[in-house]
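Asker: Structure below; questions to follow.
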Amino acid sequence: MKSKVFSSIFCLLSALVFGQSTLRGKVVIAEEPEKRIPVQIYDRSSGFLKQIFSNEAFSLTRDADPLTLFFIADGYPAVETTVNSSTSLPLLITIGEEIETLSEVVLSARKKEVFALKRMRDYEKTAIFAGKKNEVVLVEQSMANLATNNARQIFNQVPGLNIYQNDDAGLQLHIGGRGLDPNRTSNFNTRQNGYDISADVLGYPESYYTPPAEALEEIQIIRGAASLQYGTQFGGLVNFKLKEPLTYKTLAGTTRNTVGSNGLFTHFTRLEGRVGKWRYATYFNAKKGEGFRPNSGYESQNLFGQLIYDFSPNTLASVEITYLDYLAQQAGGLTDQMFAENPFQSNRQRNWFGLYWLLYNAKFEHSFSENTNFSFSFFGLNAQRNAVGFRSNRVSQIDPNQERDLIKGDFNNYGFETRLLHKYALGKTNAVFLVGGKYYRARNTSEQGPGSNLGDADFRFYTNDFPTYSQQSSYLYPNENMALFMEHIFYINDQLSVTPGVRFEHIATATDGSYLRINTDAAGNVILNEREYAAEKRNRSFSLLGLGLSYKPFPALESYANFSQNYRSVTFTDISIINPAYTINPNISDEKGYSMDIGFRGQFKKTVSFDTNFFFLAYQNRIGFIQKAYRDGSVKSERGNIGDAEIYGIESLLDINVAKGLGWDANVYIFNVFLNYSQIESAYTASGEASVVGKEVEFVPQSNLKTGVKLGYKNVLMSLQYTGVSSQFTDSSNAVEGNISGVIGQIPAYSLLDLSFSTSFKSFKIEAGVNNLTNEHYFTRRATGYPGPGIIPSPNRNIFTTLQYRF
């Protein structure tokens, strides 16, 4: 299989391409040509491009012909102009007489997109995307249930994603793809506005915090060669880009309130504006509900603040702070038999999960010239996650109301990333060079021990009350990472570009702690009570290589290909957390591999948008679960390196603007149909366990389908979405029947329907919908730890209604 893939890739690599040209001009105010005010430039197809000042020269990269641009200055009428290859340069844009406010027509026109998904440009600011598999979810164009971060609706046009759906509030995001475990999106590098937000990028890359969808402008997903700029991970990048502050008002705001099934209530308020050279944005988001199972209530608060100072059109500095806390009761996991009897039952009343998350970021951006951009970002996290409850390996066991298991994690990390992008002429073509570096340091702790024997959300240890509790440990994890990355776009001609890259990585992870070893006799008497100490250091230095190619024979079509090496270091949950549902192989080691894509994408006359690609992903030392037989006759799951695996398949998206094809007025009618389908195959090719070779890889549904229709007449919109996902395995033995812990077994196929409506009038908007319209009983997750262990059911039919007001 490998030889066939490589030959296909390199045959295409020898014949692929792309190119761009530069558009230059100047904007002046008609009545006061010497006046210097901010002007925003928008592209009709891709939206906001950049902010400049009047009476100063500007330049843009033109990658479409023709190109329709809007020039918008606060308090002035917008100017629209179309540029093509025959347009004389430089442009002179004249903005007319001043008016009080921008018209509602102009404001809506500059935000309205034909499709709900777009692609990244070859390069933007200080990042390169040429030749990479990428999707950009335009959140405001989505008719998803934004109040509850409904992932299968928000990401409905991103091919190949596997999504855990186990709560009805969207407290956490669980997405994976191409055989990657979706648990807390831990196989992607997750960022907000370009900086890391996970617990520990190296030792614990799980994302407990997810920005509210109501605050997002777009979600950028970059796969394939993404490792070169954003880390070593197999999944790539997920970047949540928050809405930028409005600049034409001193104070503007949006407030949204949502009510729904199971006592759901959410509130979201955002304030934003500009005062002189200062821009600001802040929002508050609160959620509470009873949950769709007993013992599953929750409450959360999320506060965000952003302050930006524009020194000049070329220089800005910004500061952001994000705070989140939430408390959720956890109904526990189920066995297969329990799920068949009643999928919404719960036999856990004393399990709780609490979270405190504080993110901060300071950023400086400067353009030395129209060809050279620089950015420096300092970021950090202070956070804590607490989980307490009864976690028996036999999940059907009734809680004996004794002491509970308490796990506390403290995360303290910081880092900085700096980037420089330079565009220059190389012969008769342009070239783009990116160099960057990252430093990251973490000092995290994890403690496990006896909690109280009561039922409240008490996250204190009770070691003195229960000194012989066997699951006791305390660890310190000092981690450090230094990286240097470089990429370069070589434009061979106006159609072909080649983008090689390299990332030099140094990773130092350490474990310093202890655990309690307690043995008892048959009568339960303690015969051994010793504390074992463990200290380990792992240092790795290596380089990752990548290559991307892009060929654009004409603006409506691009063919692309890329190759990238990948690496995943062992996390501290892989080696030190005591879990009654499984054991850990003491020889567990890092994962390595590579990934590649080859595909075609484009957009034809704003009627059809498409992206189809073949991918191949190779693992070495893949970490997962295997069934181990012990001398006493018991069988238990063991987490360790299973072996080498290959995953490959086709991912495709087709979005048709039927209204445009029929010649209907786009300002009156909306009629879009989309089809998102992936077909994936997988197999273990080598393993120390003979029974594993040839088995399918975990978390790989062979078929994954999302399709739907969006209809609209004036301000009334309706959307219907179908989701169908085939069955998937959760361990390397491909077990179908679950075990006593519910951790191992198949996740059956499921299909769902979601229905959404919205209508708006002046400053008001009403949204409503029904999720899981046919009330399917299904599950997408078998949890190995909290909130399980065991099967975690997915929500039944639920409804919501949202009222929005903008001022």
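Asker: Could you list, in sequence order, all residues of the range 254-288 that are part of a strand (DSSP E or B) and either of a type in the set (Lys, Arg) or on the phi > 0 side of the Ramachandran plot (or both)? Can you show your working first?
Answerer: Quick first cut of the range 254-288, residues part of a strand (DSSP E or B) only: 254-260, 264-275, 278-288.
Those that are part of a strand (DSSP E or B) and either of a type in the set (Lys, Arg) or on the phi > 0 side of the Ramachandran plot (or both): Arg256, Arg270, Gly273, Arg274, Arg279, Lys287, Lys288.
Asker: Can I ask one more? Considering each of Glu244, Glu217 in turn, give the residue that is more than 28 Å from Phe353 (Cα to Cα), out of contact with any Leu (no Cβ under 7 Å at 6 or more places or on another chain) and open to solvent by 10 Å² or more (accessible area, probe 1.4 Å).
Answerer: On the way: Glu217 fails: out of contact with any Leu (no Cβ under 7 Å at 6 or more places or on another chain).
One residue alone meets the criteria, Glu244.
Asker: So Gln233 ticks every box in (1) open to solvent by less than 20 Å² (accessible area, probe 1.4 Å); (2) assigned to a loop (DSSP other than H, G, I, E, B); (3) in contact (Cβ under 8 Å) with a residue 60 or more places away in the chain but one. Which box is left unticked?
Answerer: (1)
Asker: Anything in the range 164-176 that is within 11 Å of the chain's Cα centre (by Cα) and surrounded by 24 or more Cβ atoms within 10 Å (Cβ to Cβ)? List them, or say none.
Answerer: Within the range 164-176, Leu173, Ile175 qualify.
Asker: Something else about it: Residue check, Thr250 against (1) under 25 Å from the mean Cα position of the chain (by Cα); (2) in a loop (DSSP other than H, G, I, E, B), all met but one. Which one?
Answerer: If we test Thr250 against (1) under 25 Å from the mean Cα position of the chain (by Cα); (2) in a loop (DSSP other than H, G, I, E, B), just (1) comes out false.
Asker: Only one of (1) closer than 30 Å to Gly640 by Cα; (2) at pLDDT 90 or above; (3) of a type in the set (Asp, Glu) fails for Glu737. Which number is that?
Answerer: It fails just one condition, (2).
Asker: So, in the range 659-699, how many residues would count as being open to solvent by 40 Å² or more (accessible area, probe 1.4 Å) and either without any contact (Cβ under 8 Å) to a residue 40 or more places away in the chain or under 21 Å from Leu138 (Cβ atoms) (or both)?
Answerer: Within the range 659-699, residues that are open to solvent by 40 Å² or more (accessible area, probe 1.4 Å) and either without any contact (Cβ under 8 Å) to a residue 40 or more places away in the chain or under 21 Å from Leu138 (Cβ atoms) (or both) number 20.
Asker: Go through the range 646-685 residue by residue and tally those that are of a type in the set (Gly, Ala, Ser) and at pLDDT 95 or above.
Answerer: Result for the range 646-685: 5.
Asker: Name, by its number, the condition in (1) closer than 28 Å to Tyr491 by Cβ; (2) open to solvent by less than 10 Å² (accessible area, probe 1.4 Å); (3) within 14 Å of the chain's Cα centre (by Cα) that does not hold for Gly194.
Answerer: So the condition that Gly194 fails would be (2).
Asker: Which ones in the range 76-93 are open to solvent by less than 30 Å² (accessible area, probe 1.4 Å) and not in a strand (DSSP E or B)?
Answerer: Of everything in the range 76-93, just one residue is open to solvent by less than 30 Å² (accessible area, probe 1.4 Å) and not in a strand (DSSP E or B), namely Tyr76.
Asker: While we're on this one: I'm trying to understand the selection: among the residues of the range 685-718, which are within 30 Å of Asp665 (Cα to Cα) and small (Gly, Ala, Ser)?
Answerer: Gly708, Gly712
Asker: Could you list all residues from the range 462-491 that are open to solvent by 20 Å² or more (accessible area, probe 1.4 Å) and more than 33 Å from the chain's Cα centre (by Cα)?
Answerer: Listed by number, the residues that qualify are Tyr462, Thr463, Asn464, Asp465, Phe466, Pro467, Thr468, Tyr469, Ser470, Gln471.
Asker: Hey, another quick one. Within the range 522-541, take every residue that is surrounded by 10 or more Cβ atoms within 10 Å (Cβ to Cβ) and either closer than 30 Å to Ile492 by Cα or of a type in the set (A, V, I, L, M) (or both) and give me the one that is modelled with the lowest pLDDT.
Answerer: For the range 522-541, the residue satisfying everything is Val526.
Asker: Okay, next question. Suppose we keep only residues that are buried (at least 20 other Cβ atoms within 10 Å of the Cβ) and without any contact (Cβ under 8 Å) to a residue 60 or more places away in the chain within the range 325-362. Which one would you say is nearest to Arg460 (Cα to Cα)?
Answerer: Only one residue fits best here, namely Arg348.
Asker: Quick check on this structure: which one of Val770, Val743, Val716, Val725 is farther than 30 Å from Leu355 by Cα and buried (at least 16 other Cβ atoms within 10 Å of the Cβ)?
Answerer: Of the residues listed, the single one that is farther than 30 Å from Leu355 by Cα and buried (at least 16 other Cβ atoms within 10 Å of the Cβ) is Val725.
The values are calculated or read from the model by the stated rules, or taken from the named source; none is laboratory data. Computed from a prediction, not measured in an experiment: that's the story for all the values here. Because the Cβ atoms are built from the backbone with ideal geometry, glycine has one as well, and the counts that use them run over all protein chains shown. Surface areas here come from the heavy atoms of the whole protein model, side chains and all, with no ligands, DNA or RNA. Shrake-Rupley method; radii C 1.70, N 1.55, O 1.52, S 1.80 Å.
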